[in-house]
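The values are calculated or read from the model by the stated rules, or taken from the named source; none is laboratory data. Keep in mind that this is a model prediction, so the values were computed, not measured. Here the Cβ positions follow ideal geometry from the backbone for every residue, glycine too, while neighbour counts run over all protein chains shown.
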Amino acid sequence: TQKHKVVVIGSGNWGSTIGKILAENTREHTDMFEEDVSMWVFEEDVDVPDDGTLRDQLGDKPVKLTHAINTAHQNIKYLPGIKLPDNLVANPDLQDTVRGATILVFNLPHQFMSKTLEQIKGHHLPYARAISCVKGVDISEGTVKLYSELIMEKLGIYCGSLSGANIASEVAAEYLCETTIGYDGPPMDYKEPDGSSRDNLIKVDKQHQSKSSPSQLSLHPVPQNYPHVDSALLEKLFGRPYFSVRVVRDVSGVALGGALKNIVALAAGFVAGKGWGENTKAAVIRIGILEMVRFGCLWFPQSVDERTFTKESAGIADVIASTSAGRNFHSACHAVEQGVTVDEIEKKELGGQKLQGTSTTRAVYEFLDKQGQLEKFPLFMFVHDILGERTTMDALPGLLIKGSKVM
Ligand code: NAD
Ligand code: 13P
């Protein structure tokens, strides 16, 4: 049988952590996967930290990030201090990275996804399968799309999603956590309604697409001599003793949980920055979760399972972790404390890492405004207005009282 070639596209804080997990697993399951995992790195020159061992390996002048990863086996800019497996191989060439890969794992800040997909198009295997770890939504021309959808649409390959309470630095340090994978790819024994074989294109109803997307997609079947990509394979590829994976069928709920919780995390950060304490934060979280569920049910009515938000790591657990320790939370908190905007804190404090919450809030607001549905999302609206300095934190108590009645 053939082995799957697994690659990861993106090498930031979470991209490198997922790359580490994948490479640990491909090394353990060489019957199913090629051992080396290529990781596409957006190339840049990086300073070498003042650390004896690193300076011995890399010198004291700025080096290419790919060189640092392949020589010192550390992402010294985005995941410093964490040893990466030596079968995780950094590659600055995107098209070369995806060539021949059967499993593509997308792990980029959502801001860079559209352009990256354009560059990949035509260079990937038509029967590849993908998982999106991207937390965000694409809003364009009045529609809302998940990145798993955008990948399917732009590349014509099936894509599931992965999301959970997964602060990257903690996962990289191998502290126990859970994650959720949404996957409803075609089964091994798939037959067309007329009984024809898997050699034909597989026409699948994309239950997990938003109202605005096409409902069918023609997929190339993965050749029979590869291990079938199903929940058991995904557990082998992503699960670690410190990273517990649950696979569910609700791809859109998983992806939306990861995107929308960032708006709630910003709100919690604003509250913390004001020093208003845990009761206020809990009220914001409660209303935030209700708005997440409402958004999912409104725009992904055939697919979102409310239980993903309330019972899975990609829902409630990620909200808890992100409203206590995420970058969006801390940045919002520091912005209020210092009397500056969140965008300024991102530039000043994040060392090149990218916040997902600010652009998600603006995009979701714009979408809801176009749809005439803003009134149903008072917390999302409030976060948007605080970001744009259109309101002040003094408006929050009124909003919480209104919000509790709207729900
Ligand atoms: P990051 O914010 O740490 O890093 C920024 C990344 O963007 C770097 O890899 C950089 O090379 C890349 N980049 C910069 N300019 C670019 C360009 N023009 N084109 C392409 N890439 C460019 O990234 P991250 O934390 O790995 O985030 C990836 C996704 O993972 C996000 O959607 C995020 O929400 C999600 N996520 C992050 C965490 C976390 O704790 N960091 C946890 C779970 C999920
Ligand atoms: P931040 O991007 O706010 O750090 O959130 C990380 C995350 O998604 C944890 O699950």
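Take region 295-318 and flag every residue that is without any contact (Cβ under 8 Å) to a residue 60 or more places away in the chain and either in contact with a Cys (Cβ under 7 Å, 6 or more places away or on another chain) or in a helix (DSSP H, G or I) (or both).
Passing the criteria: G296, C297, V304, E306, R307, F309, T310, K311, I316.
For region 250-271, state whether one or more residues are touching a residue at least 60 places away in the same chain (Cβ under 8 Å), in contact with a strand residue (DSSP E or B) (Cβ under 7 Å, 6 or more places away or on another chain) and in a loop (DSSP other than H, G, I, E, B).
yes
Being at pLDDT 95 or above, assigned to a loop (DSSP other than H, G, I, E, B) and aliphatic (A, V, I, L, M) narrows it down to one of V48, V8, so name that one.
Being at pLDDT 95 or above, assigned to a loop (DSSP other than H, G, I, E, B) and aliphatic (A, V, I, L, M) holds for just one of V48, V8, which is V48.
I need the full set of residues from region 348-371 which are within 11 Å of ligand 2 (Cβ to nearest atom) and more than 21 Å from K281 (Cβ to Cβ), in order please.
Passing the criteria: L350, Q353, K354.
How many residues are buried (at least 23 other Cβ atoms within 10 Å of the Cβ), within 16 Å of the chain's Cα centre (by Cα) and either within 6 Å of ligand 2 (Cβ to nearest atom) or not β-branched (V, I, T) (or both) if we restrict to region 307-330?
10
Between a residue in region 164-184 that is away from ligand 1 (no atom under 13 Å from the Cβ) and any residue that is in a loop (DSSP other than H, G, I, E, B) and polar (S, T, N, Q), which pairs come within a Cβ distance under 7 Å, given they are 6 or more apart or on different chains?
Correct list of pairs: D184/Q207.
What's the total number of residues in region 17-45 that are among the polar types (S, T, N, Q) and not in a helix (DSSP H, G or I)?
Residues flagged as among the polar types (S, T, N, Q) and not in a helix (DSSP H, G or I) within region 17-45 amount to 2.
Residues of region 131-159 being part of a helix (DSSP H, G or I) and out of contact with any helix residue (DSSP H, G or I) (no Cβ under 6 Å at 6 or more places or on another chain), which ones?
Correct list: E149, L150, I151, M152, E153, L155.
In region 92-105, how many are part of a strand (DSSP E or B) and either surrounded by fewer than 17 Cβ atoms within 10 Å (Cβ to Cβ) or of a type in the set (K, R) (or both)?
0
Here's the yes/no breakdown for (1) at pLDDT 95 or above; (2) away from ligand 2 (no atom under 16 Å from the Cβ):
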residue: A101; (1), (2): yes, yes
residue: R129; (1), (2): yes, yes
residue: S161; (1), (2): yes, no
residue: A168; (1), (2): yes, no
residue: V171; (1), (2): yes, no
residue: C177; (1), (2): yes, no
residue: Y183; (1), (2): no, yes
residue: S197; (1), (2): no, yes
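Please list, ordered by first then second residue, the pairs with beta carbon atoms under 7 Å, 6 or more apart or interchain, first in region 108-119 and more than 12 Å from S359 (Cβ to Cβ), second modelled with pLDDT of 95 or more and within 16 Å of ligand 2 (Cβ to nearest atom).
Matching pairs, first to second residue: L108/G10; L108/G15; L108/V134; T116/L108.
Test W299 against the stated conditions and say whether it is closer than 21 Å to D138 by Cα and more than 18 Å from the chain's Cα centre (by Cα).
When the stated conditions are applied, W299 passes them.
Among the residues of region 73-86, are any among the β-branched types (V, I, T), touching a strand residue (DSSP E or B) at 6+ places or on another chain (Cβ under 9 Å) and either away from ligand 1 (no atom under 14 Å from the Cβ) or under 16 Å from G352 (Cβ atoms) (or both)?
Yes.
Would you check if S212 is in contact with a strand residue (DSSP E or B) (Cβ under 8 Å, 6 or more places away or on another chain), polar (S, T, N, Q) and modelled with pLDDT under 95?
yes
With (1) basic (K, R); (2) surrounded by fewer than 19 Cβ atoms within 10 Å (Cβ to Cβ); (3) touching a Gly at 6+ places or on another chain (Cβ under 7 Å) as the list, and R55 as the residue in question, which single condition is left unmet?
Result: R55 fails condition (3) only.
Keeping to region 360-379, report how many residues are of a type outside the set (F, W, Y) and surrounded by 19 or more Cβ atoms within 10 Å (Cβ to Cβ).
Of the residues in that region, 7 qualify.
It is to be established whether one or more residues within region 335-358 are buried (at least 20 other Cβ atoms within 10 Å of the Cβ), in a helix (DSSP H, G or I) and within 17 Å of the chain's Cα centre (by Cα).
Yes, region 335-358 contains a residue that is buried (at least 20 other Cβ atoms within 10 Å of the Cβ), in a helix (DSSP H, G or I) and within 17 Å of the chain's Cα centre (by Cα).
Please give the number of the condition T391 fails out of (1) without any contact (Cβ under 8 Å) to a residue 40 or more places away in the chain; (2) assigned to a loop (DSSP other than H, G, I, E, B); (3) within 16 Å of ligand 1 (Cβ to nearest atom).
(3)
Determine if region 338-347 includes at least one residue that is within 14 Å of ligand 2 (Cβ to nearest atom) and without any contact (Cβ under 8 Å) to a residue 60 or more places away in the chain.
Yes; the residues of region 338-347 include at least one that is within 14 Å of ligand 2 (Cβ to nearest atom) and without any contact (Cβ under 8 Å) to a residue 60 or more places away in the chain.
Looking only at residues in region 106-152 that are closer than 21 Å to F300 by Cβ and of a type in the set (G, A, S), which one is surrounded by the fewest Cβ atoms within 10 Å (Cβ to Cβ)?
Going through the qualifying residues, I end up with G142.
Filter region 78-90 for residues that are buried (at least 21 other Cβ atoms within 10 Å of the Cβ), more than 16 Å from ligand 2 (Cβ to nearest atom) and either under 20 Å from the mean Cα position of the chain (by Cα) or not in a loop (DSSP other than H, G, I, E, B) (or both) and give the result.
L88, A90
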